[in-house]
Amino acid sequence: MRARRFMTGIGEFFDTVGSAIAVSAAVRDRRPARPADLARLGIDAEQFRQISRR
């Protein structure tokens with residue numbers, strides 16, 4: 001049981017890192033980030049859309 005929790009934790013870590021990379025790439029490419037990735041990172045999608053790059 002302990003090993004399963006550990007593996008789940010590792011999986012969640014990689015999911016979070018993957019979302020961070022995806023959002024970063026979206027910002028770099030000036031395209032909208034996926035709402036699921038923003039939610040996983042704890043970022044409000046509506047607030048994120050209001051940020052403008054000048």
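The values are calculated or read from the model by the stated rules, or taken from the named source; none is laboratory data. On a predicted model such as this, the values are computed, not experimentally measured, just so you know. Please note: Cβ atoms are built from the backbone with ideal geometry, for glycine as well, and neighbour counts cover all protein chains shown. For the accessible areas, the whole protein counts, side chains as well, though only heavy atoms, and no ligand, DNA or RNA atoms are used. Shrake-Rupley method; radii C 1.70, N 1.55, O 1.52, S 1.80 Å.
Brief remarks on what is shown
- Surface accessible to a 1.4 Å probe, per residue, for the residues of the chain, Å²: 87 Å²
- Working from Cα pairs under 8 Å separated by at least six residues, relative contact order for the chain is 26 percent.
- Cα→Cβ-extended label distance, 7 Å offset, between Ala39 and Ala3, nm: 3.3 nm
- Simple Cβ-charge dipole of the chain, Lys/Arg +1 and Asp/Glu -1, about Cα centre, in debye nearest 20: 120 debye
- Structure-derived semi-axes √(5λ) of the Cα gyration tensor in Å - corresponding label in [x] 21, 13, 12; [y] 18, 17, 11; [z] 29, 11, 6: [z]
- Fraction of accessible area attributable to carbon and sulfur, the chain (%, probe 1.4 Å): 57 percent
- Other residues lying with their Cβ under 14 Å from the Cβ of Thr8 contribute a combined charge of +1, Lys and Arg counting +1, Asp and Glu -1.
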